[in-house]
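Have a look at the structure below, then the notes.
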Amino acid sequence: MALDPDVLDVLRGIVDPEIGINIVDLGLVYRAERADDVIDVDMTMTTRACPLGEMILEEARAALSQRFPGVRNAVRLVWDPAWTPDMMTLQGRESLAM
């Protein structure tokens, strides 16, 4: 899993509105790679039935376009592996007081 720190920094600004924690600390971002001309992100949702999934994807795309103008971004929704709470960062767990 490749995780570019600058891309993750941008994605930390995207909060899952139902849970109130950013998508990075929730463990939803599986891959975040940056090259000169493209940013590739693979991410998931906590559940396939997430009613706000498309909105979260669009927010991620918009934030990346704003932070890296002129660089194409490909934010893809993936379901493998399936998300579990174990994928959350320590900060994410602490935010939920787990």
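The values are calculated or read from the model by the stated rules, or taken from the named source; none is laboratory data. As the structure is a computational prediction, the values presented were derived from the model and not from experiment. Note that we place each Cβ from the backbone using ideal geometry, even for glycine, and neighbour counts take in every protein chain shown.
Could you list, in sequence order, the residues of the range 61-82 that are touching a helix residue (DSSP H, G or I) at 6+ places or on another chain (Cβ under 8 Å) and of a type in the set (G, A, S)? Once the filter is applied, which keeps residues that are touching a helix residue (DSSP H, G or I) at 6+ places or on another chain (Cβ under 8 Å) and of a type in the set (G, A, S), the range 61-82 yields only A63. In the range 87-98, is there at least one residue being modelled with pLDDT of 95 or more and of a type in the set (D, E)? Checking the range 87-98: not a single residue is modelled with pLDDT of 95 or more and of a type in the set (D, E). Checking each residue in the range 41-68 for being at pLDDT below 95 and out of contact with any strand residue (DSSP E or B) (no Cβ under 9 Å at 6 or more places or on another chain) picks out T47, R48, A49, P51.
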